[in-house]
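Just so it is clear, none of the values below were taken in a lab; they were calculated from the coordinates. The structure presented is a predicted model; accordingly, all values stated were derived computationally and were not measured. Reconstructed Cβ throughout: ideal geometry from the backbone, glycine too, with neighbour counts over all protein chains shown.
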Amino acid sequence: MSVVLLNNEQIPVSSDMTIKQLLLAQGMNPFVFMIRVNGQIVNRDQYDTFIIPDGAIVKAYPFVGGG
């Protein structure tokens, strides 16, 4: 078990948790957020496979549509 910081809140996660699993566990829809891990943007097509490093700082930014 490790801990990550998601939007300034400490969240315990398993050592092999993906971005998608983290968002779903927090009740967040992965399809409406842009994610940065330790300052780097994670492509949406990697949410299923990107393993969150121990102690990572994860920021979730909601997409805003319009036009």
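Tabulated results
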read-out: Selection within segment 1-24 - more than 14 Å from residue 62 (Cβ to Cβ), of a type outside the set (Val, Ile, Thr) and in contact (Cβ under 8 Å) with a residue 12 or more places away in the chain; value: 1, 2, 5, 14, 15, 16, 17, 20, 22
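Residues are listed down the side, and each one gets a yes or a no for (1) under 10 Å from the mean Cα position of the chain (by Cα); (2) loosely packed, with under 13 Cβ neighbours inside 10 Å:
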| residue | (1), (2) |
| --- | --- |
| 17 | yes, no |
| 20 | yes, no |
| 29 | no, yes |
| 36 | yes, no |
| 42 | yes, no |
| 48 | no, yes |
| 53 | no, no |
| 56 | yes, no |
| 62 | no, yes |
